[in-house]
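Asker: Here it is: the structure, laid out below.
Read-outs: derived from the displayed coordinates by stated rules, not from any lab. Small disclaimer: the values here were computed from a predicted structure and weren't measured. Cβ coordinates were reconstructed from backbone atoms using ideal geometry, including for glycine residues, and neighbour counts include every protein chain displayed.
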Amino acid sequence: TARLHNVTIESSGLQPNPSTVTDPATNSSAIYLTSLRNLVISDCTVKNNRATGITLIASTALLQGDITLTNNSGLNGGGMALYSNSFILLDASTRLQISNNSAAKFGGGIYVSQDIMFYYTSPSRLAVSFCFASSISENVQPLLELTGNMANNSGQDMYGAHVNCLPPLYYGKTTRKV
C-alpha cells in the first residue's frame, strides 16, 4: 500500500504549458500518481500551485481525514484530475474540500476523463460504475465541498462526472450544481 499522509504541497512552481500539451493527462500536477491500486491519501493539503492539485491515472485512492485542494490551476481539473478509470473511495472520516481552483479548459474543481469504471471495493470485489467516487461507509457520509472553482470552457466545479451516485455527499455542501 502506498501512502501520502500529512503532506502539504504549496507553491510548487510547476508551470503548465497548454500550447504544447497533446495529451492533457501529461499536464503538470503537484501530485501525479499512475497505476496505483492500493493508495491511501490522508490529511493532505495541496494549495497555491500553478498546476493541477492531484492527478490520478489508472489508480484507485482511498481518501481519509481532511483533504484540501485549494487555489491550484491546471489545464483540465484545477483541484483534481482523474484519467483512465481512476476512482476515489471516501472514508467516513473524509472531508474533501476543493475550492477556488481553476482550469484553462474543463473542470475547475474536478475533471474526470473516462467512460466506465472498473474498480475494486476490496481486494477481491470488483465493481462496475459510471461514477468516479464512492463512500466506503454505509452509515456516515463523508463530506465533499466544491466551492468557488472556475473553468474557462465548462464544468466550474466538476466536468465529465456522473454525480447521481453521490447525492448525500455531493449535493449537501456544494454552492452550485454542475
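Asker: Quick one: what are the phi-derived ³J(HN,Hα) couplings along the range 86-92, Karplus 6.51/-1.76/1.60 with θ = phi - 60°, whole Hz, x for glycine and proline?
Answerer: Result, ordered by residue: 6, 8, 10, 10, 10, 5, 4 Hz.
Asker: Residues with amide H under 5 Å of residue 55's amide H, sequence separation 5 or more or different chain, H placed in the peptide plane at 1.01 Å from N; which?
Answerer: 31, 32, 33, 81
Asker: Could you run the Karplus curve 6.51 cos²θ - 1.76 cosθ + 1.60 with θ = phi - 60° over the range 66-71 and give me ³J(HN,Hα) per residue in whole Hz, x for Gly and Pro?
Answerer: 8, 10, 10, 10, 9, 6
Asker: Expressed as a rounded percentage, what relative contact order does the range 54-113 have, with Cα pairs under 8 Å and six or more residues apart?
Answerer: RCO, the range 54-113: 44 percent.
Asker: Let me ask something additional. I need the phi-derived Karplus couplings for the range 148-161: 6.51 cos²θ - 1.76 cosθ + 1.60, θ = phi - 60°, integer Hz, Gly and Pro marked x.
Answerer: Rounded to whole hertz, the list is x, 7, 9, 9, 5, 9, 6, x, 3, 8, 8, 9, x, 10.
Asker: Taking amide hydrogens as modeled 1.01 Å from N in the peptide plane, which residues meet the under 5 Å criterion relative to residue 133, leaving out close sequence neighbours?
Answerer: 88
Asker: Which order, highest average first, do 45-55, 2-12 follow once you tally other Cβ atoms within 10 Å for each residue and take the mean per peptide?
Answerer: Going by the mean number of other Cβ atoms within 10 Å, highest first, we get 45-55, 2-12.
Asker: Distance from the Cα centre of the range 74-105 to that of the range 27-50, in angstrom?
Answerer: The range 74-105 and the range 27-50 have Cα centres separated by 9 Å.
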